[in-house]
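FYI, it's all coordinate maths here, none of it is from the lab. What you see is a predicted model; the values in this text were computed from it and never measured. With ideal geometry, Cβ positions are generated from the backbone for all residues, glycine too; neighbour counts draw on all protein chains shown.
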Amino acid sequence: MRKIMITFENLQAEWNNQPEFNIPEEGGKIITKKVSFLKRKQRITNTVLGITAIMLIGFFFYIAAYRLDTVIYGLFLMIGSLGIRVGIEVLSTRKLERLNIVSNTKIFKEQLVAYYNKRIKTHYIVTPLVVLAYCIGFVMLLPSFKANMSLGFYAYIVASSIVLLIVLGLFVAKQIKNEIDMLKELKTQQ
Amino acid sequence: MVSKSSKRAIKVIISNYNNLEELQIFFDKVYQTNYPKVIRLCMGYVNGDAAKAKDLAQEVFIKAWENLGSFRKESGVSTWIYRITVNTCLLQLRNQKIKKSSNERVLEHITEEVEENKTTYEVQLKSMYACINKLSKENKSIILLELEGLPQKNIAEITGYSHESVRVRIHRIKNELTKCVKL
């Protein structure tokens with residue numbers, strides 16, 4: 001094996017010798033078009049979320065007009081907890097996008113650490129409460145399912161809900177772990 | 001997505017130009033002048049993966065367009081765009097799952113190639129990227145800016161550290177890098 005004495009000047013020369021990247025033609029215009037596209041996409045997402053929320057609320061009141069029992073409370077808990085979770089994610093994404101990207105790295109890192117600290121607090125306090133509310137809501141609906149569905153379909157709903165809960169739980173746990181790792185990495189950088 | 005504050009900022013900067021067309025011309029110039037610097041810096045953050053670097057560079061210019069209002073002529077376009085680049089790359093930490101062990105594997109593989117006398121330019125560059133990726137994110141930013149030939153005063157301005165601290169860090173990182181890279 002050959003051993004060569006390396007100096008930083010060697011490395012600098014290597015770095016300077018990198019092949020030049022082609023500058024995309026009309027790159028600036030492509031970027032501004034992309035920004036407009038993203039803006040439109042965001043508007044569509046907001047509209048879809050808004051319509052879904054209105055439909056769910058409408059559905060809830062439609063059902064509520066006819067019956068006022070555990071089914072309503074169960075539905076309220078399930079829809080409400082889902083709505084809160086989606087709302088938290090939407091607000092959180094917006095907050096991340098609004099971090100001051102033009103500040104110096106030290107300040108930007110402080111903003112990121114604060115953001116992730118808040119996210120983790122949400123995961124540890126709000127998320128378990130939301131999941132609990134969702135599960136309670138579901139359990140409240142079970143007697144109604146049992147009374148109105150065949151035994152086979154009822155068993156299917158119960159089993160698939162448990163599987164879904166486990167899958168979602170694992171997904172959320174993975175997300176939490178990623179964010180904790182991210183925070184650790186940000187904090188350990190000197 | 002363009003936030004309300006970005007829209008306001010764009011309105012402010014438009015008022016300094018005659019219309020949106022002039023603003024686009026200014027942005028095109030910023031893009032053309034700075035794209036090579038931005039993509040080289042991004043390459044350093046993603047272990048030399050050109051496709052990922054291009055995506056990152058696009059993200060950087062999207063943020064630059066959205067934050068045009070924050071640009072102050074006295075700080076210089078380069079410093080401003082470098083600041084956005086470094087922060088965007090820091091932000092992409094959440095998407096990047098390059099574990100330290102994978103860098104070790106790259107370095108082991110490079111050692112084998114060096115032993116087989118395959119000392120090509122690509123191998124050397126790959127080794128440098130892998131060693132840069134072993135550094136902490138902040139040290140990585142500092143050394144990448146140094147390799148790009150930025151004055152230490154500007155590196156201090158971009159990273160938020162004192163000039164003295166940047167000088168000491170650069171000295172330490174240079175030693176670390178020269179020990180790590182296999183040529």
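What FRET efficiency would be calculated for the residue pair B:LYS134, A:LYS106, taking the C-beta separation as r and a Förster radius of 25 Å, to the nearest 0.05? Could you put the intermediate results ahead of the total?
Details: r = 22 Å, r/R0 = 0.87.
Calculated value: 0.70.
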* Asked: If you keep only loop residues by DSSP, which GluC sites (Glu not before Pro) in the stretch A:1-59 have at most 15 other Cβ atoms within 10 Å of their Cβ?
  -> A:GLU20, A:GLU25, A:GLU26
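Within 10 Å of each Cβ in A:90-102, how many Cβ atoms from other chains are there, averaged over the peptide? Walk me through the numbers on the way to the answer.
Details: counts 0, 0, 0, 1, 2, 0, 2, 6, 5, 2, 4, 14, 14.
That average works out to 4.
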* **At most 15 other Cβ within 10 Å, DSSP loop - chymotrypsin sites (Phe, Trp or Tyr not before Pro), the stretch B:22-80** => none
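Grab the DSSP H runs of chain A that are 4 residues or longer, score each as -39,500 (n - 2.57), total them, divide by all residues and round the 222 nm result to the nearest 500 deg cm²/dmol.
Calculated mean residue ellipticity at 222 nm is -30500 deg cm²/dmol.
May I ask for the longest run of chain A untouched by trypsin sites (Lys or Arg not before Pro) that are loop-located per DSSP and have at most 11 neighbouring C-beta atoms (other than their own) within 10 Å?
Details: sites that count: A:ARG2, A:LYS3, A:ARG67.
Maximal segment without exposed cleavage sites: A:68-190.
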